[in-house]
1. Return the pairs, sorted by first residue and then second, in which the second residue is not in a strand (DSSP E or B), the first residue lies in the range 142-155 and is open to solvent by less than 20 Å² (accessible area, probe 1.4 Å), the beta carbons are less than 6 Å apart, and the residues are 6+ apart or on different chains.
2. Going through the range 9-67 one residue at a time, which ones are touching a Lys or Arg at 6+ places or on another chain (Cβ under 9 Å) and within 19 Å of R84 (Cα to Cα)?
3. Looking at (1) open to solvent by 30 Å² or more (accessible area, probe 1.4 Å); (2) in a helix (DSSP H, G or I), find the lone condition where A35 falls short.
4. Which strands (runs of 3 or more DSSP E) does the range 108-223 wholly contain that include 2 or more residues that are at pLDDT 75 or above?
5. Suppose we filter the range 38-86 for residues that are in contact (Cβ under 8 Å) with a residue 12 or more places away in the chain and either part of a helix (DSSP H, G or I) or open to solvent by 10 Å² or more (accessible area, probe 1.4 Å) (or both); how many remain?
Amino acid sequence: MHIVIMGCGRVGSALAQTLEQQGHTVAVIDQDPTAFRRLGPGFGGRRVTGVGFDQDTLREAGIEEAGAFAAVSSGDNSNIISARVAREMFGVENVAARIYDPRRAEVYQRLGIPTVATVRWTADQMLRRLLPSGAEPLWRDPTGGVQLAEVHTSPAWVGHKISKLQEETGVRVAFVTRLGEAILPTSQTVLQEGDLVHVMMRTDEVDKVEAVFAQGPEEEGGH
């Protein structure tokens, strides 16, 4: 996957190096050309001088073929504007914005932009939003037979009841994180864009569950 990162501070440079080591191609945008020194001589990706919400700068960074965009500059407003441009103008599916003021997180997430507040920032959280495939285990029982995991959910499930998700997989949705808050779903809860779905399931069924979550619901009567 090609990934564009805005901001080459400690966070941006660490993300860029990690993603490149995982085999992705990376472009880093920063207004200050001296910031690219943090990437080190071994970094093989693109270094683009400019602001991350400028469309020409984004194109130079390869946004049109990007599968993910991370806005991790030092400015909350710049980060969210850049993330919105990447999502709305260029159709990048996986975007994430780092913010310093966690009180703004809910406002931004209502715009459909996953945010990571600095106070609880970890590289794992940001990577999870940029590379959201499969299941991320959160807890396992002592026997290892059952686990709680956040499972990446296809956009095709948006608008469907969580009960349908449970019926097609045979798992139990433990809770959903929506706008930064955990909610316990009822039989009437409908999946919304940006929801993170946390599932309790048997460990030996993880592959099957991942596949159903990734492909979307079966058509009615299509069994």
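The values are calculated or read from the model by the stated rules, or taken from the named source; none is laboratory data. The structure presented is a predicted model; accordingly, all values stated were derived computationally and were not measured. Neighbour counts are summed over all protein chains in view; Cβ atoms, including those assigned to glycine, are modelled from backbone coordinates with ideal geometry. Accessible surface is based on the protein model in full, side chains and every heavy atom, while ligands, DNA and RNA are left aside. Shrake-Rupley method; radii C 1.70, N 1.55, O 1.52, S 1.80 Å.
1. Here the result reads Q147/T203; V151/F213; S154/A214; S154/G216, each pair linking the range 142-155 to a residue that is not in a strand (DSSP E or B).
2. If the condition is that a residue be touching a Lys or Arg at 6+ places or on another chain (Cβ under 9 Å) and within 19 Å of R84 (Cα to Cα), then G12, A27, V28, I29, D30, F53, E60, A61, G62 are the ones that fit.
3. It fails just one condition, (1).
4. Numbers: elements: 115-117, 135-140, 146-151, 172-178, 181-183, 196-202.
Here the list reads 135-140, 146-151, 172-178, 181-183, 196-202.
5. Pass one, the range 38-86, residues in contact (Cβ under 8 Å) with a residue 12 or more places away in the chain: 38-40, 43-53, 55, 57-58, 60-74, 76, 78-86.
Add one more test, that the residue is either part of a helix (DSSP H, G or I) or open to solvent by 10 Å² or more (accessible area, probe 1.4 Å) (or both), and what stays is 38-40, 43-47, 49-51, 53, 55, 57-58, 60, 63-67, 73-74, 76, 78-86.
So the count comes out to 33.
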